[in-house]
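Enquirer: Have a look at the structure that comes next, please.
Rule-based calculations on the coordinates, nothing more; no lab input. What you see is a predicted model, and the numbers here were worked out from it, not measured in a lab. Every residue, glycine among them, receives a Cβ derived from its backbone with ideal geometry; neighbour counts consider all protein chains shown.
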Amino acid sequence: MEMQNEVRFQRLGGSCQLVLENAEDFRNAAQLNAAHWIMTSVRTDSLLANKDFLAFLDADSNGRIRVDEVKAALNWMLNVLTDLSGVCKRSDVLYLNALNENHPDGMNIARTVRIALANLGMPDAECITLAQIKDQTRI
């Protein structure tokens, strides 16, 4: 697959960093040659992030996240979401209509969100927040 637009970089902290501002930037990042990544791998224990998220990225469970694993996660996200505006806004809200229910994972996520919303007493809600989906007591 060929990149539809050129990728943009900006200088941060003495090195060039990829700019991710819109859906096309994410699509291009998934296709970017590993030679353009600032790091080809990072130890999961050196990152300050949700451990479940890091485990999802670390597909082979070797304690390192490699470029190919990040690109696979980007491609998964691009397949599961039809609307990346929430990602681009760094929103903690997931709208059901942003999910690609033609993709098995998108369908499963939508089903899970609908069950969670029903259990939260909001069966007609069109979205769910990160705080709501993490509220295992109420769900």
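Enquirer: Taking only the C-alpha atoms, wrap a convex hull around the chain and report its volume per residue in Å³ as a whole number.
Expert: 135
Enquirer: If R0 is 25 Å, what FRET efficiency do you get for I115 and Q31 from their C-beta distance, rounded to 0.05? The partial results should precede the final answer.
Expert: Details: r = 35 Å, r/R0 = 1.40.
That pair, I115 with Q31, gives E of 0.10.
Enquirer: Along its three principal axes, how long is region 64-139 when you only count alpha carbons? Whole Å, largest extent first please.
Expert: So the extents along the principal axes, rounded to whole Å, are 40, 28, 24.
Enquirer: Set the Förster radius R0 to 25 Å, insert the Cβ-Cβ distance between D105 and L18 as r into 1/(1 + (r/R0)^6), and round the FRET efficiency to 0.05. Walk me through the numbers on the way to the answer.
Expert: Working: r = 25 Å, r/R0 = 1.01.
Approximately 0.50, to the nearest 0.05.
Enquirer: Another one. Sort 16-24, 130-138 by the packing proxy (mean of other Cβ within 10 Å over each peptide's residues), most packed first.
Expert: Working: 16-24: 13.4, 130-138: 11.3.
Final packing ranking: 16-24, 130-138.
Enquirer: A further question follows. Suppose R0 equals 35 Å. What FRET efficiency, 1/(1 + (r/R0)^6) with r the Cβ-Cβ distance, do Q136 and D68 give to the nearest 0.05?
Expert: Working: r = 32 Å, r/R0 = 0.92.
Plugging the Cβ-Cβ distance into 1/(1 + (r/R0)^6) gives 0.60.
Enquirer: If you add up the charges near D60, with Lys and Arg at +1 and Asp and Glu at -1, over every other residue whose beta carbon is less than 12 angstrom from its beta carbon, what do you get?
Expert: Working: positive: R64, R66; negative: D58, D68, E69.
For residues surrounding D60, the net value is -1.
Enquirer: Straight-line reach from K134: which lysines have a Cα under 25 Å away, not including same-chain ones fewer than 8 places off?
Expert: Correct list for K134: K51, K89.
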